[in-house]
Structures are given as C-alpha cells and as structure tokens.
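Trainee: Sharing a structure, written as structure tokens. Questions coming.
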Amino acid sequence: MLIDSHAHLNVRAFDDDRQDVIRRAREHGIGRIINIGFNRETIPGSIALAEQHDFIYSTVGWHPTDAAFMTADDLDWIESLCRHEKVVAIGEIGLDYYWDTSPKDVQMKVFREQIRLARKLGMPIVIHNRDAHQDIVQVLREEKAADVGGVMHCFSGSWETAKLCLDMNFYISFGGPITFKNARQPKEVLSRVPMERLLIETDAPYLTPHPFRGKRNESAHVKLVAEAAAEIKGISFDELAQVTTDNATKLFGLS
C-alpha cells in the first residue's frame, strides 16, 4: 500500500473525471490520500471528498498566496472544522515569496496565527515553502512548531534547511521532481533524510512525475514517486512503500 500524503483532488482540474481519478488511484495500490483544503473555495470540497470515501482524509488551512484575504472569522472557521473526524492536520500553510499575491508581512501574520492554532489543538501542520527557506525556519522556531510537528510538503530546499526542519520534529516529503533528470538537489536531500522521517506525495494536479511531465498529475502517479525514491535510497520498492505508509499513518494519526 502507498499513501499519497498531499493531493488536491477537489480542485477544478478534476471536475470532469474526479471519480475515475480516485478509482485509478485505488487500482494502483494507493491505500490512503491526504487531500488538502487551503482556502474558502477548496476546504468544503476537500472535507466532502473525505466524507464520501473512507480512505480519503482532509486538511484545513489557509495558503500563503491567499493570506491577504483571510479574516478572523476564517481562522475561527478553520478551528471549528478541525473537530471533524476526517480532518487530520492544519495546512497547507506557510510562506510563498514567488507569487506576488499577498504582502510578506501579511503572510507571516497568517502563518503564525495558524501555527498557534495548531499548538492549541495539538494538530500537525503541512508547510508550503516557496523561496522562503530562512523565514520559514525562523517562524517555525519562534512559534515552537516542534511541539506539534508536521511535514515540509514537496521539499525543495537544501540539506542544511532540511536538517533544521528535522530537528524541529518535521517529516520531509518529496513528489514528482525527484523523477526529473536535472533535479540534483531534491535527490541529494532525499538520500540523506532518515527513513523514519520520509514521506511521498503527488501534489496533484501539479508537479507531474516523469514520464507524464507536462500533463495533469493524479494520485495514481505517487507510485512513480515511490519507485524513484526507492532507487535513490537503494532499497526495494516494498520497503519504501511500507516505511512511508507507516510514517504517514503515524504523523496524521490514521487508523
């Protein structure tokens, strides 16, 4: 069994064939999917998917690119949804310095508020980090995020940054980019991440692995990520599948 630890199966890209995508995931041995709700539009659909399928779970959080639109009521709403039995984490949250859609200070405020909420509720967090490695680490440290831990989603930083995150009780997750020929740094970091802190994901419909790069991604493709990760680690596919499944089960408190 494999677990896709980060997918967006509720977004519009899957409106025409969502159930077929979910069926293909099951046929390819994907035992569980963690679906990410990240704003007012996507959170209800993510929870609905989790309610419809016993093997799909949801997260709830506010994405940094939407930080400028988050209100105090939205934070209260997220807190109320965390009581849902299929909601397993707060996320994805973090900082994004690539897309210029929310000021950095606003992103920082929203990020800190959600870490504090996670600590209040004792829930892990799912971190989005784009071009903000130093600030991400600083905020996680200052807000004592190690108390709840979580996952660095689709990690793209250096081993030095990964080590700091590992030291703060975080798992490191990898997706399609580790299948790309020119992706030297993610492969190097993956090779050094301890097995007990390793996760795999698709980020579907984004970051599609080779040989489907350029097409829409889907949860079934996490098998390609697992195959690449096993080769990089020098272990069997079955061992990689077992360890990453155990890790995701532990992090998200799955039955």
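Trainee: Report whether or not THR179 is touching a His at 6+ places or on another chain (Cβ under 6 Å) and of a type outside the set (A, V, I, L, M, F, W, C).
Mentor: Values: touching a His at 6+ places or on another chain (Cβ under 6 Å): yes; of a type outside the set (A, V, I, L, M, F, W, C): yes.
So THR179 passes the test.
Trainee: If you take the residues of the stretch 8-41 that are over 10 Å from GLU218 (Cβ atoms), charged (D, E, K, R) and in contact (Cβ under 8 Å) with a residue 40 or more places away in the chain, which of them is surrounded by the fewest Cβ atoms within 10 Å (Cβ to Cβ)?
Mentor: GLU27
Trainee: Inside the stretch 76-95, can you point out the residues that are closer than 14 Å to PHE38 by Cβ and either in a helix (DSSP H, G or I) or touching an Asp or Glu at 6+ places or on another chain (Cβ under 8 Å) (or both)?
Mentor: First pass over the stretch 76-95, keeping only residues closer than 14 Å to PHE38 by Cβ: 77-78, 81, 87, 89-95.
Result: TRP77, ILE78, LEU81, LEU95.
Trainee: Would you please name the residue that is nearest to CYS154 (Cα to Cα), looking only at residues in the stretch 47-97 that are surrounded by 15 or more Cβ atoms within 10 Å (Cβ to Cβ) and of a type in the set (D, E, K, R)?
Mentor: So the residue we want is GLU92.
Trainee: Okay, moving on. Here are some conditions: (1) exposed (fewer than 15 other Cβ atoms within 10 Å of the Cβ); (2) closer than 28 Å to MET168 by Cα; (3) within 18 Å of the chain's Cα centre (by Cα). PRO44 meets all but one. Which one does it not meet?
Mentor: Here PRO44 meets the rest and fails (2).
Trainee: Which of the residues spanning the stretch 126-150 are in contact with a Gly (Cβ under 8 Å, 6 or more places away or on another chain), among the aliphatic types (A, V, I, L, M) and within 19 Å of GLU196 (Cβ to Cβ)?
Mentor: Answer for the stretch 126-150, where residues must be in contact with a Gly (Cβ under 8 Å, 6 or more places away or on another chain), among the aliphatic types (A, V, I, L, M) and within 19 Å of GLU196 (Cβ to Cβ): VAL126, ILE127, VAL148.
Trainee: For the stretch 120-131, enumerate the residues that are surrounded by fewer than 17 Cβ atoms within 10 Å (Cβ to Cβ) and within 17 Å of ASP76 (Cα to Cα). Steps first, answer last, please.
Mentor: First, pick out the residues of the stretch 120-131 that are surrounded by fewer than 17 Cβ atoms within 10 Å (Cβ to Cβ): 120-122, 130-131.
Once the filter is applied, which keeps residues that are surrounded by fewer than 17 Cβ atoms within 10 Å (Cβ to Cβ) and within 17 Å of ASP76 (Cα to Cα), the stretch 120-131 yields LYS120, LEU121, GLY122.
Trainee: Working only within the stretch 149-161, note down all residues that are surrounded by fewer than 24 Cβ atoms within 10 Å (Cβ to Cβ) and either over 21 Å from ARG116 (Cα atoms) or touching an Asp or Glu at 6+ places or on another chain (Cβ under 8 Å) (or both).
Mentor: Correct list: SER156, GLY157, SER158, TRP159, GLU160, THR161.
Trainee: Now for a different question. When both residues are 6+ apart or on different chains and their Cβ atoms are under 7 Å apart, which pairs have a first residue that lies in the stretch 144-165 and is more than 14 Å from ILE93 (Cβ to Cβ), and a second that is at pLDDT 95 or above and basic (Lys, Arg)?
Mentor: LYS144/ARG119; ASP147/ARG119; TRP159/ARG192
Trainee: Can you tell me which residue is farthest from ALA183 (Cα to Cα) among those in the stretch 117-156 that are in a loop (DSSP other than H, G, I, E, B) and acidic (Asp, Glu)?
Mentor: GLU143
Trainee: Which residue, of ASP105, ASP100, is surrounded by fewer than 20 Cβ atoms within 10 Å (Cβ to Cβ) and part of a helix (DSSP H, G or I)?
Mentor: ASP105
Trainee: Do the conditions hold for SER5, that is, is it buried (at least 24 other Cβ atoms within 10 Å of the Cβ), over 12 Å from the mean Cα position of the chain (by Cα) and under 21 Å from GLY94 (Cβ atoms)?
Mentor: Considered against the rule, which asks whether it is buried (at least 24 other Cβ atoms within 10 Å of the Cβ), over 12 Å from the mean Cα position of the chain (by Cα) and under 21 Å from GLY94 (Cβ atoms), SER5 comes out as no.
The values are calculated or read from the model by the stated rules, or taken from the named source; none is laboratory data. This one's a predicted model, so the numbers in the text were calculated from it and none came from an experiment. Positions of Cβ are backbone-derived with ideal geometry, glycine not excepted, and every protein chain shown enters the neighbour counts.
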